[in-house]
Amino acid sequence: MKRCVRCMTFVLPTIALACILAAIDVGAREQADSKGEQSFDGKPIVLSGYVRDAACLFRNPAAGAPAPAEALECATVCVRNGGPLVVYTPAGDIYLVISRSVPDTAENARFLPYVGKVLRIEGRVFQRAGAKAVAIEKFAVVPAAP
């Protein structure tokens, strides 16, 4: 009987603490969502844009779609070598590509065959201090605008 009482004096407070912490977490997420704030899961987004490396976009103000062939080859080598991967939209927005998992994993190998192509992307968007990132859930190649 004493053993059961000792067990209960430890187990019950531990269960109560776990329930309180879970309720606080759920409440905080619901409050953030109701204010229109971003949650840990981001917000759903559908966008289209070129998949390419980030370096040329930041170093060369005239860069956009990775064309001609020399620019495409350069973007492909940058992505293959581990350079940051981005989606560049026709409106000029730049989204850093992040993985769908935590901790983050590199997405370069997954998107290397699509460098220079326009993709229609469905995923989750994250924003912080003016920067945008997208965790890509589904995508399809679409024809580039002429």
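The values are calculated or read from the model by the stated rules, or taken from the named source; none is laboratory data. The structure presented is a predicted model; accordingly, all values stated were derived computationally and were not measured. Virtual Cβ from ideal backbone geometry, glycine too; neighbours counted across all protein chains shown.
The residue that is nearest to the chain's Cα centre (by Cα), counting only those in the stretch 110-132 that are among the small types (G, A, S) and farther than 19 Å from A63 by Cβ, is G123. Exactly one residue out of G82, G123 is assigned to a strand (DSSP E or B) and among the small types (G, A, S): that is G123. Of all residues in the stretch 61-95, those satisfying the criterion of being at pLDDT 90 or above, loosely packed, with under 15 Cβ neighbours inside 10 Å and within 12 Å of Y50 (Cα to Cα) are P90, A91, G92, D93. Considering the conditions (1) hydrophobic (A, V, I, L, M, F, W, C); (2) buried (at least 16 other Cβ atoms within 10 Å of the Cβ); (3) outside any loop (DSSP other than H, G, I, E, B), V141 is excluded by exactly one of them, (2).
Within the set F40, F58, the sole residue that is assigned to a loop (DSSP other than H, G, I, E, B), of a type in the set (F, W, Y) and at pLDDT below 90 turns out to be F40. What do you reckon, is E70 assigned to a strand (DSSP E or B) and either more than 14 Å from C56 (Cα to Cα) or in the same structural domain as R52 (by TED's automatic domain parsing) (or both)? Considered against the rule, which asks whether it is assigned to a strand (DSSP E or B) and either more than 14 Å from C56 (Cα to Cα) or in the same structural domain as R52 (by TED's automatic domain parsing) (or both), E70 comes out as no. D104 meets the conditions (1) under 19 Å from the mean Cα position of the chain (by Cα); (2) closer than 22 Å to R120 by Cβ; (3) not aliphatic (A, V, I, L, M) in every case but one. The failed one is (2). Determine whether the stretch 40-53 contains at least one residue that is surrounded by 13 or more Cβ atoms within 10 Å (Cβ to Cβ), basic (K, R) and in contact (Cβ under 8 Å) with a residue 60 or more places away in the chain. Yes, some residue in the stretch 40-53 is surrounded by 13 or more Cβ atoms within 10 Å (Cβ to Cβ), basic (K, R) and in contact (Cβ under 8 Å) with a residue 60 or more places away in the chain.
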